[in-house]
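Everything below concerns the one structure shown next.
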Amino acid sequence: MRRWPFVAIFAIPLLDAVFLVYVASVIGGVETVALVVLTALIGLLLVRAEGRYTLGNLQRKLAAGELPTAELMDGGLLLVAGAFLLTPGLVTDVIGLLLVLPPTRYPIRVALSRWVIVPMLEERSGGMMSGNVYTFGFPGESGMGDVGPGWPGGAAGGGPGGPGGGSGGPFGGATSGSAGDADDEVNLGSDAYHVDVEDEEDDGEDGGDGDRDP
């Protein structure tokens, strides 16, 4: 999957050289050189214009407090396009023009975001980008019966919101169902958070001298 950039690095120059030889044999060597210079010049002018437009959009989004994701990707694609256009060859010039022109740059940007950037970020972040993370237990574990009390699905059961926990959880309630059951519930007792607060002013008035019974 990740070997294709290295393959492209060697395949594109080879294909470019073969295509240049073919074009030179058809229209002549001088005309081929002039065509290469002309396409590179037009492409660099387009890179400059699109770069200014992208930079303006990036500044406006930053001023509005928005994340300029598309503009950053466009800036990267324009840099790659400039490198291709500076490389002598017709194939590289065509690739550079495809990366510069907005109608062709947009689908390339979407494809790179969907199939390259997002999977790479998902792999590095452990699923945090799409929210596909584990909220209970460990990946690949079911039941968790040998973990102990307080963990979801433990034998002693009763972890907060844990699937399939037994009775005697830390909230004093009991859970019903088994691990993986969609209807698991945690019964919180009415005295789960009962706190007694003594009124110091009333105790002071009743005791007269401020002494309070323990």
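The values are calculated or read from the model by the stated rules, or taken from the named source; none is laboratory data. Fair warning: this is a prediction, and the values are worked out from it, not measured in the lab. Note: ideal-geometry Cβ built from the backbone for every residue, glycine included; neighbour counts use all protein chains shown. Heavy atoms of the whole protein, side chains included, go into the accessibility calculation; ligands, DNA and RNA do not. Shrake-Rupley method; radii C 1.70, N 1.55, O 1.52, S 1.80 Å.
Could you count how many residues in the stretch 98-115 are closer than 13 Å to L46 by Cα and either open to solvent by less than 50 Å² (accessible area, probe 1.4 Å) or under 24 Å from the mean Cα position of the chain (by Cα) (or both)?
Qualifying residue count for the region: 3.
Taking R2 as meeting all but one of (1) of a type in the set (K, R); (2) modelled with pLDDT of 90 or more; (3) part of a loop (DSSP other than H, G, I, E, B), write down the number of the exception.
(2)
Which one of V18, V30 is among the aliphatic types (A, V, I, L, M), modelled with pLDDT under 95 and farther than 22 Å from A83 by Cα? Break it down stepwise before answering.
Working: V18 fails: farther than 22 Å from A83 by Cα.
Of V18, V30, the one residue that is among the aliphatic types (A, V, I, L, M), modelled with pLDDT under 95 and farther than 22 Å from A83 by Cα is V30.
Quick one: would you say G56 is in a helix (DSSP H, G or I) and surrounded by 17 or more Cβ atoms within 10 Å (Cβ to Cβ)?
Values: in a helix (DSSP H, G or I): yes; surrounded by 17 or more Cβ atoms within 10 Å (Cβ to Cβ): no.
Here the answer is no, as G56 does not meet what is asked.
Looking at A63, is it more than 30 Å from E123 (Cβ to Cβ) and without any contact (Cβ under 8 Å) to a residue 24 or more places away in the chain? Show your work before the answer.
Details: more than 30 Å from E123 (Cβ to Cβ): yes; without any contact (Cβ under 8 Å) to a residue 24 or more places away in the chain: yes.
Spelling it out, A63 is indeed more than 30 Å from E123 (Cβ to Cβ) and without any contact (Cβ under 8 Å) to a residue 24 or more places away in the chain.
Residue under question is V36, and the condition is that it be open to solvent by less than 30 Å² (accessible area, probe 1.4 Å) and assigned to a helix (DSSP H, G or I); does it hold?
On the way: open to solvent by less than 30 Å² (accessible area, probe 1.4 Å): yes; assigned to a helix (DSSP H, G or I): yes.
Yes.
Does P13 satisfy the condition of being farther than 23 Å from P107 by Cβ and assigned to a loop (DSSP other than H, G, I, E, B)? Outline the logic, then answer.
Details: farther than 23 Å from P107 by Cβ: yes; assigned to a loop (DSSP other than H, G, I, E, B): no.
Judged against the criteria, P13 is not a match.
Looking at A40 and the list (1) among the hydrophobic types (A, V, I, L, M, F, W, C); (2) more than 30 Å from A24 (Cβ to Cβ); (3) in contact with a helix residue (DSSP H, G or I) (Cβ under 6 Å, 6 or more places away or on another chain), which single condition is not satisfied?
(2)
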